[in-house]
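Single-structure report; data block below.
The values are calculated or read from the model by the stated rules, or taken from the named source; none is laboratory data. No experiment lies behind these values; they were computed from the predicted model shown. So basically every Cβ, Gly included, is an ideal-geometry build from the backbone, and we count neighbours across all protein chains shown. Heavy atoms of the whole protein, side chains included, go into the accessibility calculation; ligands, DNA and RNA do not. Shrake-Rupley method; radii C 1.70, N 1.55, O 1.52, S 1.80 Å.
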Amino acid sequence: MRTCPHSPACPSAQASDREAAHPVITYPQQGWGLCCNGIIRFEDTGLLLPDGSIIPPYRPTPHTTGAAA
């Protein structure tokens, strides 16, 4: 994997702020984009990390926002 060209460098895929990395390729019609730290970010807020592990979507739902159903 290539090194991040940004200054300051984007956070690594293992960092807690990994989603702050700049997108290098985006496919909005497919709902995903590749960031320079190697993570694939999906529009539903899920992530696929370079090691193959996943971070499930965390988009707020009525249950997490306190809205009445």
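A few comments on the model shown:
- Every residue from the stretch 40-58 that is basic (Lys, Arg) and surrounded by fewer than 11 Cβ atoms within 10 Å (Cβ to Cβ): none
- Scanning the stretch 17-39 for residues that are open to solvent by 40 Å² or more (accessible area, probe 1.4 Å) and either among the aliphatic types (A, V, I, L, M) or free of Cβ contacts under 8 Å to residues at least 12 places away in the same chain (or both) yields ASP17, ALA20, VAL24, ILE25, THR26, TYR27, GLN29, GLN30, TRP32, LEU34.
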